[in-house]
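Trainee: I'd like to ask some things about the structure below.
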């Protein structure tokens, strides 16, 4: 019987928390976000370890371009997740990230 993709449990790589100013006028808002990367294959974890600086840099180049209005709704969070996943997958060689889970997402 074929395996149902919704039942596949994949490896997850947890990233440290990011605290980033948002692009709102006056720079008064910031985002504290913690995310887990779902890996298509467990072997990708080794490459992520080696590229952690590049991964964090890529994320830190994306998040500060967002305004509160861009990410305060579910659609905005999904778009942010998709943008980060696309960027990271563009340079990963040993596999791909299949999902990003926001474990903590606080805007102040």
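The values are calculated or read from the model by the stated rules, or taken from the named source; none is laboratory data. For clarity, every value in this text was computed on a predicted model and none was experimentally measured. Neighbour counts run over all protein chains shown; Cβ positions are idealised from the backbone, glycine included.
Trainee: Consider only pairs whose beta carbons are under 9 Å apart and that are at least six residues apart or on different chains; among these, list those whose first residue lies in segment 1-27 and is closer than 25 Å to residue 88 by Cβ and whose second residue is part of a helix (DSSP H, G or I) and at pLDDT below 95.
Mentor: 21/27
Trainee: Let me ask something else. Filter segment 71-108 for residues that are assigned to a loop (DSSP other than H, G, I, E, B) and farther than 21 Å from residue 20 by Cβ and give the result.
Mentor: 92, 93, 94, 95, 96
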